[in-house]
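Data block below; observations after.
The values are calculated or read from the model by the stated rules, or taken from the named source; none is laboratory data. Just so it is clear, the model here is predicted, and its values are computed rather than measured. Note: ideal-geometry Cβ built from the backbone for every residue, glycine included; neighbour counts use all protein chains shown. The protein model used for the area step is the full one, side chains on, heavy atoms only, and it has no ligands, DNA or RNA in it. Shrake-Rupley method; radii C 1.70, N 1.55, O 1.52, S 1.80 Å.
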Amino acid sequence: MDRITVKFGGSSVADADQFSKVAAIVKADPRRRIIVVSAPGRRHQDEPKITDLLYLCCDMAAMGTDIGEPFGIIQSRFTEIADALRLDSAVPELLDSFRQDLETGCSRDYAASRGEYFCARLMAEYLQAEFVDPADHIVIRPNGTVVPQTYQTLAARFRDQTQRYVMAGFYGRGQDGEVKTFSRGGSDISGAIAARAAGAILYENWTDTSGILMADPRIVGTPRCIDEISFREVREMSYMGASVFHDEAILPVREAAIPICIKNTNRPHDPGTRIVPRLSQQTLVSTEIAGISGKKPFTMISLEKTLMNKEVGFGYRLLGILRQYNISFEHCPSSIDSISVIIEASQLDGLEESVLDDIRRQLAPDHLSIEHDLALLAVVGEGMARTVGIAGKLFDALARAGINVRIINQGASEINIIIGVAEHDYEAAIRAIYAAFVPATP
Ligand SMILES: Nc1ncnc2c1ncn2[C@@H]1O[C@H](COP(=O)(O)OP(=O)(O)O)[C@@H](O)[C@H]1O
Ligand SMILES: N[C@@H](CC(=O)OP(=O)(O)O)C(=O)O
């Protein structure tokens with residue numbers, strides 16, 4: 001039988017009402033056999049996600065502080081779901097022994113993983129499906145990819161085509177055998193791994209928006225939904241801040257060419273966004289850009305040195321200094337006598353002075369400067385390389401909005417243009433670009 005893997009994000013499992021929407025969606029199509037869930041997310045804007053509370057408990061316990069308050073919130077959220085759905089569940093009892101694990105000292109990854117673990121157990125009970133613990137099957141390498149054997153063991157676990165399985169997202173085990181999580185938002189990756197292992201014909205990712213929107217809805221009022229987007233485009237958009245789908249979640253399904261659909265749990269009949277290996281001709285001819293995303297804050301270190309271009313290995317030595325501090329860089333624009341590196345600001349926390357000192361000593365620049373509080377925006381689209389006037393339209397929009405562009409960079413793939421602006425111009429820049437490419441309908 002053809003099977004569909006469905007992943008429900010934190011907002012889709014935030015309370016008992018959301019659980020019942022999930023059940024209705026699963027039961028509406030008998031091919032939806034592999035279900036992956038995140039930990040309960042926010043029910044409203046001001047509430048923390050369960051995962052945030054778990055990290056908090058773990059950090060508080062490590063400092064010897066009483067975890068009563070945050071743990072109480074976690075406990076009542078799971079208990080409320082179990083009670084409202086009338087589940088005779090072991091989860092409330094398991095939570096008591098988990099509290100002891102936290103208080104006697106467990107790893108941060110183990111603590112964070114319990115949000116998905118308890119949620120999946122409740123969902124399996126509710127759907128009368130088999131619970132799958134990913135720690136038994138998914139082996140995660142230090143770089144966040146999984147060992148190939150993962151797909152075989154998981155495929156064997158999912159072998160009964162008539163059965164429904166509920167697997168916890170976000171974690172597996174490390175090569176040392178201990179519970180290990182993916183990076184934040186990583187249940188999307190778990191869903192992709194499950195889809196590939198099950199040989200699914202489709203990976204549906206259910207969230208709280210009706211697909212991938214052309215811009216972040218928290219910045220642009222009601223952005224247009226993208227009907228179809230390519231694997232390459234979505235990876236760029238997600239990496240640059242479109243948090244609705246994890247940028248690494250494309251990788252497991254890409255090789256198997258499994259299409260993905262982003263759908264809205266609260267509006268299941270909306271068509272959603274199709275993520276496909278290659279765009280259809282219709283999308284290619286009808287879209288200038290796929291969307292705009294962005295993130296912040298970034299820091300830019302800039303060096304000037306006359307005849308830098310003749311000093312073989314100058315850039316190599318600069319990046320070598322960053323490497324010594326285990327700092328990765330985002331972009332590295334250069335000109336004849338100058339070079340800059342743009343770095344995610346948090347990576348320089350506590351290291352800034354030492355890094356600058358090393359650069360001064362080892363590279364002796366004529367001038368060295370550091371600029372904080374920058375934001376990066378990405379305008380993404382496969383069609384951009386072939387369309388005349390995209391850059392003109394983009395920079396004209398920013399100029400009209402009075403926004404000073406600090407950085408311009410275009411990747412070799414030509415599917416994105418990266419623009420750096422001051423952090424305080426970030427939202428205005430996104431709105432200006434969006435309005436230029438998506439004129440308001442009267
Ligand atoms: N381009 C975008 N399209 C859709 N959502 C976006 C985009 N950029 C940012 N978001 C945010 O991502 C949220 C969905 O991601 P997330 O909170 O991880 O969902 P889930 O709880 O389903 O995992 C949306 O509610 C929205 O605020
Ligand atoms: N719960 C984890 C993993 C995850 O993917 O969550 P969500 O699907 O709510 O983004 C996190 O908050 O990072």
Residue separation times 0.36 nm, minus the C-alpha to C-alpha distance between Glu353 and Asp88: what's the value? 89.7 nm
Extension gain (nm, one decimal) between Lys310 and Ala62, 0.36 nm per residue minus Cα-Cα: 84.1 nm
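Let's test the formula: R0 of 30 Å, r as the Cβ-Cβ distance of Gln100 and Asp136. What FRET efficiency results, to the nearest 0.05?
Values: r = 23 Å, r/R0 = 0.76.
That pair, Gln100 with Asp136, gives E of 0.85.
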Could you pull out which residues in the range 161-196 have an amide N less than 15 Å from a spot 7 Å beyond the Cα of Gln149, following the Cα-Cβ vector? 173-178
Helix-derived [θ] at 222 nm for the chain: sum -39500 (n - 2.57) over DSSP H runs of at least 4, divide by residue count, nearest 500? -11500 deg cm²/dmol
Gained length - Lys393 relative to Gln362, 0.36 nm times residue gap less alpha-carbon distance: 7.0 nm
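Applying a 10 Å radius around every beta-carbon, put 354-366, 162-174 in order of their mean neighbour count, most first. If you can, show how the numbers build up before the last one.
Details: 354-366: 14.6, 162-174: 22.5.
Top to bottom by mean Cβ count within 10 Å: 162-174, 354-366.
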Surface accessible to a 1.4 Å probe, per residue, for the residues of the chain, Å²: 45
Students often check this: by mean Cβ neighbours within 10 Å, which of 58-70, 202-214 ranks highest, and how do the rest follow? 202-214, 58-70
Can you give the relative contact order of the chain as a percent, counting alpha carbon pairs under 8 Å and 6+ residues apart? 13
Using only Cα atoms, locate the centre of the range 288-309 and the centre of the range 5-68, then give the distance between them in Å, rounded to an integer. 36
Which is farthest toward the positive dipole end of the range 4-208 among Leu85, Ser107, Ile138, measuring Cα position about the Cα centre, with Cβ charges +1 (Lys, Arg) and -1 (Asp, Glu)? Ile138
Mean Cβ neighbour count within 10 Å, used as a protection proxy, ranking 407-417, 90-100 highest first: 407-417, 90-100
Do you know the relative contact order of the range 125-255, to the nearest whole percent, from alpha carbon pairs under 8 angstrom that are 6+ apart? 21
In whole percent, and with a 1.4 Å probe on the protein chains, what portion of the accessible area of the chain is carbon and sulfur? 48
Give me the percent relative contact order of the range 291-437, please, defined on Cα pairs under 8 angstrom at least 6 residues apart. 30
